[in-house]
Each structure stands twice: as C-alpha cells, then as structure tokens.
Amino acid sequence: MLSNYLKIAFRNLRKNGLYSFINVFGLALGIASCLLILLFVSNELSFDRWNPLAERIVRPVSEIKFGGAEMNMAVVGSVIGPDATKELPEIQQFCRFRQRGTYLVRRDGEAQQNFREEKLLNVDSTFFELFPLKILEGDPRRCLAQPKTLAISRSRAEKYFASPQLALGQTLVLENREKYRVTAVFEDMSEQSHFRADFLLSLVGDEEVASDPVSWGANNNFHTYLLLRQGTDKKVFFAKFEQLVRRKMAVSATNLLGISLEDFEKAGQYVRFPLQNMLDIHLHSDRNIELAPNGSIKYVWIFSCIAFFILLIACINFMNLATARSAGRAREVGVRKVLGSSRGALAGQFLVESLAVSLIAVSLAVVLAAAALPFFREITERQLSMPWTSPTFWFSLVAGAGVVGFLAGSYPAFFLSAFDAVQVLKGKMGLKSGGGSGLRSGLVVFQFAVSTALIISTGLVYRQLSYIQDKKLGFDKSQILILDDAYAAGDKVYNLKNEMLKNPAVKSVTISGFLPVPSNRNDQTFSKLRAFDDKNSVNMQRWRVDSDYLPTLGMELVAGRNFDPAMLTDSNATILNETAARLFGFENPIGQKIYRPDAPGKEGKFSPEDFVERTVIGVVKDFHFASLRENIGALSLELGRSTGLAMFKISGSDAAPVIADLENHWKNMAPGQPFSYRFMDEAFLRTYRAESRIGKIAGIFGLLSVLISCLGLFGLAAFVTEQRTKEIGVRKILGASVAGITSLLAKDFLKLVVIAIFIASPLAYYFMKNWLSDFAYCIDIQWWIFAAAGLAAVGIAFLTVSFQSIKAALANPVKSLRSE
C-alpha cells in the first residue's frame, strides 16, 4: 500500500512540475530559514551552561540614585564579596573580577614586538573554584595564590611560547614594566560565556583592593560572583542578602552623609545591590560596565516568532496550492471512491504526498542552510555550526519533516478526500461541507500581513540607526583618527603630536584617554562642600584632558574659557558640562568651587582634609558621551595627563597618507610597540552593533518571507489563470485589452494584500513603539513608512500576479477556446 502511495505521489510531482517546484522550494526556504534562526536561538540560550556550577552562582549588581544620577551597573565594591561570605553561611566561595582595559604584552627576555591584548581580567585566587575550566598545566587551586602570577589560555600559550607545556614557569611583561609568572594554562573559554579571558592576573596584593574603603556603595569597580552551597534556597538567600545590604548601607549613610538610611530614601535616593542568577546574565542583563556585550531575551523571542511564522508561511503555500489544484484531481478522487477507496485511504494518499514533499524540502533545506551558514555566522557574530554528529539533530529533522508534512498536508488531505463521488463524476466538483476559497484568501492575507510587518519593522530599525549616525552629538566625530595605546611611546607621545602637526592634513591633535563615545567608565561624587550630603552632591564623570581636547573635537563653550597650560592655577580648574552646572544649581558657574575626595576615607568616613578643591573656569555645551539610550549625564573635565589615546583631526577625504605618516613616526618613537588605529565615527557606531545586527537579520528574513509568500501567490495566480482560460479568450474576442485583462485577474489578489497591510500596520506600530522606548533619543514613527512598505508589498504582489496575467492575456484566444 505504501509503495503504491509513493509511486502515485512521485508521478504527480513529475506531472505538475511548476507546482511541485514551488511547493518544494518554498518549503525548503522556510525550513532553512527556521533552521538558521533556531541555531542562533539555541546558541543564545546555551550561554554559561558549560559551567556545571552555573545554577549555584549569583552576581550582586548595583542600582544607585544619588547626586542627580541614576546608575545601573554590573559592578560593586571590592568589600561586598568577602563581607557577604563572612556573614552569610550559604555562600561557599566568592570571586572578584577587575577589568582594566587593554594591555601591551610581550615575552620576557626577548627584544620582540609587543602585542595588544584585550581579554585580561584581574581575578581572585578562587577563580577556578567557581569557573572550573579544563587546566592543561599547573594547579588550579594554587596558581593564582601569589602576587604577580597569571594563568593563560591555550591559544595565548601557543602564541607566546609555542605550547602549553613550555609556557609554565615562563614570564610575561605587561605594559613594558610589570612582570608576571605563568603558573597555569587553561583551555580556551567557551564562546557561549558572558565573559571571555585569555589572561587571568592574580588580585593578591592588588593596591586598589587594599586601599578601597570598607563601606558598601563606594568605589564600585568589581564584578563579583558568589557560589552558593548545594541545596541553598535562593529565594530565602536573596531575602537574607537584601537584609544584609540594608544593614551595611545604614552604616554607610550615617558615616558618609550623616543621616539615616530612611531619611536618605525619603529624599528619593537609593543604593541597592540586587542579585542576578549567572544563567540570566547574557539574556537578561544590560547594565553599564558589563564584561562583554550581552544578548537580549527580547530578541530571542522575536527571532523565534519569525522562525515560526516563516515556517507557517511556507506551510500555507503548500495548503493553498494543494487545495487550489484540487479540481485537477477531482475526477481521480471520484473514480477511486466508486472503486471502493475509503476516505481514510484517500486522506492517507494525500498525506503521503505531503510527507514526500516535506522530506525532499527538508533535505534541500539542510543544503541551503549549510551553504548560507558562513554568511549568517558573519551577520550574527556568533560561532554557529551545523551539529552534523548529533543524533538529536537528525532525529529532530526527520520528526520536523513529519510534523511539517502533516501540518501542511492535513487540510488538503481532508479537503480532497471529502469530494462527493457522484457529483464529481457528473462534472460538478461538489463538497459536502463548503469550499476552500475563503480559507485560501485568509491564508494569503496572513502571509502578507506577516511579511509587511517585518518590512515595516526593518525599515524603522534602519531609520533609527540612521538617526543615531546623523544626530548632532555636541562634538564632531568625523575625520577624527584615533591612535590606540599612545601611552606606549611614553613622553615621546608629545613629540609625536608635534611631528604630526607639521603634516598639513592634520588640523589639531589632542592626547587623552577619554573618548566622547560610550565606554565603561565610573562616576565620582563631587560636592559644593568639603563633605557629602544628599543636597549638595552630584555624581558625574571625571575626565583628564589637555588644552586641545575641546577644539580638536569641535566642542562649544557656552561660558568661561578653555584650559590654558600657561596658567598654573588651571591644574586645579575644571570645566563642567551644562548638565553638571544645572545639577549643582549654579546660576553663574564661573569661579564656583566644587570638591571631590582624594583619599579613601578611614572606616568609610571622609574628613574635610580628604577633599580636593576645583574651581570652575568654563561650561561646555552638553554633548552625548553615553549611548543615545540614556540622557546626557554630568561631566567634569580636568587638565591632566592621560596618554591612553591620541586623536588627530584631519582634513580631506583621503586619510591613507596621514595614517602612513603616523605609522612611520610611531615606529621611530615607539619601536616594538603595536600600531593600532581607528576612526571615531566607527567607534561610536560600534555601540549600536547589536541593533545593526538585529536590523540585518530581520531584513533578510523579512525578504525571505516576502519571497516565500510570492512563490505561493505565483502558484495561485497560475492556477486561477488556468481556470479562467475560456473567460479570457471570450473577453479578448469581445475587445478587452491586455491591461484590462491583467487588471481583472490581479485585482482579487491585490485586495487581499491591501487587507494584509491594514492588519500589519498597527501591529508593527505597537511593537516598534515598544522597541524605540529603549532609546532616550529616537525617531518619530511617521505615516509614510507604513505607506512605503504597503506600496512595496502591493508592487511585489502585482509583479508576481501580473506575470501570469499578462501571459494569459497575450495568448491566442482561438487556442484558448479550442482547448476548453
């Protein structure tokens, strides 16, 4: 029986080549798209699950509202980990991370090139107790127990020492001055980790940890992880930890501000340290100073829905074409029923045909997905791979083919098998329970509603990214060439500045470690008094810059003056931005005094002599130095030495000669140091890489959904045109034009597309309004975006339908009538 079903199925597939191709290719595209998206979703959901202790690890984070600033950070003070471990027996162990940016690294004892390394962390000696990486060489419990020791990854061991075995006991020089002994080599960290590190430096003996104040809420610079004991009730522990936080913060409020915690909170301010489960970090945490850019559970849901709808659209195509072609098989059904075939046997035949198409489509989909995977991997920036060796993968494919085949073929099977044999053999294609044209129309509307919504959403994402790129930021980011790690040249960096100013294409140069683009920076608390209180204090950024910083970046002073190196008093001066001046309540800021602590404070208390005085000499117009998701915060600029970066304002469109000149001077002044450069506009846009990536993925799958929908529409148009061949011939003989016939055949389909547009527009508006609410600065959603997307959908649908319509309208009417 099954062999007979398969024989008939393949015979029908060959007989109806066009419709078979549309069915197979449409389903294959849908399944391939779904497969790629599911690979991405699976990858996102797998983060940190390589760690067998992940379920027991939590991370305290900080939420602070004080001094006119609101901060949600992934870091806390260095004292929180050890203090909580002493007071709460549920904590088995803790580990702190301190991220300090990039390092220059070279092997000791050899005059060789320094390498620029970005994945470095200072960590406690307990690191491997919480993150049990595979250790290739060394003792994981003792390797970080001594000062100036480090553990390195396999890839870096091979890079610097040729092999992990040769690395152990060797010395690496960091920043051309600090020597660290390699005490362990670990396997490279998983890509599915919310942090990555190739160098783990011991925190033992760290000066920052030793000098940090003992009060909670101060100097929030450390990512801290707590390993809970087996069997700990997290709900109970979270409540106990919150009680501990309030007890510690009550002491800090009294010591620092001289008020109770209750009075502090009554003023609308707070300091909280909520706990996060480690497995929630990648998809549920988007705080400042994360160890790496995280994903978003919102996008996981969005892409899962896109995968589902694309697959559904492909199945709808199959259902529509199968039911539409039913007239061609009506007589077959009638004859088989008269000869004794049951409805169940007929339904089985059509389900076998559907499953055959599904299996062929799945096979083709795997090939398409594998071919597209390198391109998709580049867009998603994830190391995705096809799990060829996984039995679960193959079982899922076969099971998926069965489910898709059943879902796609179920309605046609029951629709076709329901034909009344007597009516069919009399030449009437009667159904016992109505026809399928209404359902087909509804499914076409659904297809184009989904496709149009994706087109609108993609358009709005790109509009927001374009808005971000073109928005006036308060500084000029164009034509700014950035030299990384300028400090490697030592004092010669100022000679480099002078040499580059001789190049006529270089307008100005500034030396500073602070870029006006989003990056991980901490706020400091300033006050109008030599003490902290909740009325006179402001939390703000503190940047050390030179006198060329403002003119090089095109920043505008709205009051006062710029720094002047010739004025000795400017070493104690500051320039505030407009937001800081407003938060301090200065009507005339110039000449006002502000204070910040320059000593850690004993036992969490600050005395007047712990504060240094700054005089306000200027106010710079507000500029965006954080993400456009946030409002502009308070900022203080100070004249000081910070040689992390050199920024060159260049003229002309050809930067290559300037870069070549810079590299030549760099090699002369800093031999053996890496030469690394970038442009400021690129550094700015890197902040919105996630949104750009999401826009690309949504756009690609939006176009694929349109393509799959059009394949179905093309098949339906071909069928309708075939059914109306006689009508078209008669109309042509009576004088109908090609345009008139094309319009007649296309209008029914275009009505459905217009209905789909009206359904899709409010849905897209609702979801995109929510998405844009994440940005403090965003575009207005304008009507023309919906109109443009609607016209695009109508145009694509018209081109799809008109091909068949024009072909029919141009046919010889005599042949059309003769064939009837």
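Largest to smallest in accessible area, the residues Asp188, Asp598 fall in the order Asp598, Asp188 (1.4 Å probe, all protein chains included). For the set Tyr160, Tyr462, solvent exposure ranked by accessible area (probe 1.4 Å, protein chains only) runs largest to smallest as Tyr462, Tyr160. Taking the DSSP beta bridges with both ends in the chain, the antiparallel portion is around 75 percent. Assuming 1.306 mPa s and 10 °C, estimate D for the chain with Stokes-Einstein, Rh taken as the Kirkwood radius over Cα pairs, in µm²/s. Translational D for this selection: 50 µm²/s.
Taking Cα pairs under 8 Å and at least six residues apart, what relative contact order does the range 60-208 come out at, in percent? In percent, rounded to a whole number, it is 23. Its Cα gyration tensor gives the range 43-158 an equivalent ellipsoid. The semi-axes, each the square root of 5 times an eigenvalue, are 29, 21, 16 Å from largest down. Extension gain for Ser163 to Asp654 (0.36 nm times residue separation, less C-alpha to C-alpha distance): 172.5 nm.
Packing around the peptides 143-150, 556-563, taken as the average count of other Cβ atoms within 10 Å per residue, puts them in this order, highest first: 143-150, 556-563. Of the GluC sites (Glu not before Pro) found in the range 557-648, the ones in coil according to DSSP and having at most 13 other Cβ atoms within 10 Å of their Cβ are Glu587, Glu603. How many percent of the accessible area of the chain is carbon or sulfur, using a 1.4 Å probe? On the chain, the fraction of accessible area on carbon and sulfur atoms equals 56 percent.
Gain on full extension, evaluated as 0.36 nm per residue between Phe758 and Glu682 minus their Cα-Cα distance, stands at 23.5 nm. The relative contact order of the chain comes to 16 percent, based on Cα pairs under 8 Å that sit 6 or more residues apart.
The stretch between Lys234 and Arg141 holds 30.8 nm of extra length on full extension. This uses 0.36 nm per residue minus the Cα-Cα distance. Once the 1.4 Å probe is applied to the protein heavy atoms, the chain comes out at 45 Å² accessible per residue. Helices that extend 30 Å or more along their long axis by alpha-carbon positions and average at least 1.0 on the Kyte-Doolittle scale are, among the DSSP H runs of the chain, 17-45, 297-324, 343-380, 391-416, 689-723, 738-772, 783-810. Note on the range 537-612: Cα-only Rg and Dmax are 14.4, 44 Å.
The share of Cα pairs per 5 Å bin across the range 542-583, counted from zero up to the longest distance, runs 5, 19, 31, 29, 14, 2, 0 percent.
Surface calculation, 1.4 Å probe, protein heavy atoms: Val706 sits at approximately 10 Å² accessible.
The peptide list 764-771, 644-651, put in order of mean Cβ contacts within 10 Å with the highest first, becomes 644-651, 764-771. By a 1.4 Å probe calculation restricted to protein chains, His624 has an accessible surface near 10 Å², given to the nearest 10. Beta bridges per DSSP, both residues in the range 110-226: antiparallel share near 55 percent.
The values are calculated or read from the model by the stated rules, or taken from the named source; none is laboratory data. Note that the coordinates shown come from a computational prediction; the quantities given were computed from them, not determined experimentally. With ideal geometry, Cβ positions are generated from the backbone for all residues, glycine too; neighbour counts draw on all protein chains shown. Side chains included, ligands, DNA and RNA excluded: accessible areas come from the protein's heavy atoms. Shrake-Rupley method; radii C 1.70, N 1.55, O 1.52, S 1.80 Å.
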